[in-house]
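One structure is given here, and the rest of the page talks about it.
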Ligand code: FPP
C-alpha cells in the first residue's frame, strides 16, 4: 500500500485568476507562479521525488495576447538563467519536453545552456514548453514510420516520445479547480493517479503538497488487476 512517488506532474493553472484577484496584470500571476515552481521543486526534491514535470506553455498558449506570450518567454529565459547560476546549490537536472524550435532564439539558447549546466544531477525537472500531447504522438508515429517500423509496440511508442528517459507520472496534480488534462501527457497518464485542487497555482503551499503526497500514498493502484484488501494481487481482469 505504501506507494512510492517517483514522478509527480503539475498542471500549473490559475496564475491569471491569482493576478486578477489582486487587480494586477496577468503577467504578475505568471511571475508569482514561477516563484511557486521554484519552491515546489525544492520541496519535491526534499521529499525524495525523482521526477517533477510541469506544463509551462502548451501548443495552444500561442493564442494568448502577444504581450502575455512575450512576457512568459522572457520570464522563462530569466528563470532558466537563474537555474544555471544556482545549479550547484539546487542539484536538479533540467530537461525540456515539447517542440522547442518555434520558441524565441534567446530562450532556445538558454534551454541549451541549462541542459548542459545541469546534466550531471540525479533529480529531474521536466519543463513542458510548446508541448501538446497529440502533437507529440503524431510526431512519434511519423518517426516510427520513417524508421520503417511496421509492427509497432507500446514500448516503441513510449521510446519515441519526449518523455522517453523518464517513468510515466505516478501522480498528476492540477490546480485552480479545472478537472481535465488539456492535452498534457495523454499517453503517459494511462495509469496515473489524479489530484485536483481549487488552490490557484501561485498559492499552492508546501503543506498542501504534503497533504497531496499523503493522499497519494493511501491510494490502491490496480493497473487493471484485482487487488485484495491485504495488498496481494489477484487474477487479471
Ligand atoms: C496557466 O494559468 C499557466 C500558464 C499557461 C503558464 C505557466 C507558467 C508559469 C507558472 C511561470 C513560468 C514557469 C516556469 C516553469 C518557471 P493561467 O494563466 O491560464 O491562469 P487562469 O486560468 O487563471 O487565467
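Taken together, the values in this text are just the output of simple stated rules run on the coordinates, not laboratory data. As the structure is a computational prediction, the values presented were derived from the model and not from experiment. Neighbour counts are summed over all protein chains in view; Cβ atoms, including those assigned to glycine, are modelled from backbone coordinates with ideal geometry.
Here are the numbers for this structure:
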quantity: Mean separation of Cα contacts under 8 Å, 6 or more apart, over the residue count of the chain: relative contact order %; calculated: 28
quantity: Candidates 124, 45, 220: whichever shows maximal mean-square fluctuation once the chain is modelled as a Gaussian network with Cα springs under 10 Å; calculated: 220
quantity: 222 nm mean residue ellipticity, helices alone, for the chain (DSSP H n ≥ 4; -39,500 (n - 2.57); rounded to 500); calculated: -13000 deg cm²/dmol
quantity: Antiparallel content of DSSP bridges confined to region 44-144, in %, to 5; calculated: 0
quantity: Relative contact order of region 1-100, pairs being alpha-carbon contacts under 8 Å that are 6 or more residues apart, as %; calculated: 31
quantity: Mean projected area (nm²) of the alpha-carbon convex hull when region 1-131 is viewed from all directions; calculated: 8.8
quantity: Cβ-Cβ FRET estimate between residue 179 and residue 120, R0 fixed at 30 Å, reported to 0.05; calculated: 0.20
quantity: Computed Kirkwood radius, in angstrom, where 1/r is averaged over Cα pairs of region 143-225; calculated: 15.1
quantity: Orientation-averaged projected area, Cα convex hull of region 64-132 (nm²); calculated: 4.6
quantity: Along principal axes, Cα extents of the chain, largest first, whole Å; calculated: 55, 48, 36
quantity: Extended-chain gain in nm, criterion 0.36 nm per residue less alpha-carbon gap, residue 67 and residue 227; calculated: 52.4 nm
quantity: Cα gyration tensor, region 108-193 - rounded (a/c under 1.5), prolate or oblate; calculated: oblate
quantity: Ranked 62, 201, 18, criterion: other C-beta atoms within 10 Å, fewest first; calculated: 62, 18, 201
quantity: DSSP-defined beta bridges in region 95-237 - what % are antiparallel, rounded to 5; calculated: 20
quantity: Sorted by Cβ density within 10 Å, fewest first, the residues 101, 113, 71; calculated: 101, 113, 71
quantity: Exposure proxy ranking, count of Cβ atoms within 10 Å, fewest first, for 186, 72, 23, 144; calculated: 23, 186, 144, 72
quantity: Label-to-label distance, nm, for residues given as residue 82 and residue 60 (7 Å Cα→Cβ offset); calculated: 2.9
quantity: Full-stretch length increase - residue 145, residue 215 - with 0.36 nm per residue and alpha-carbon distance subtracted; calculated: 21.1 nm
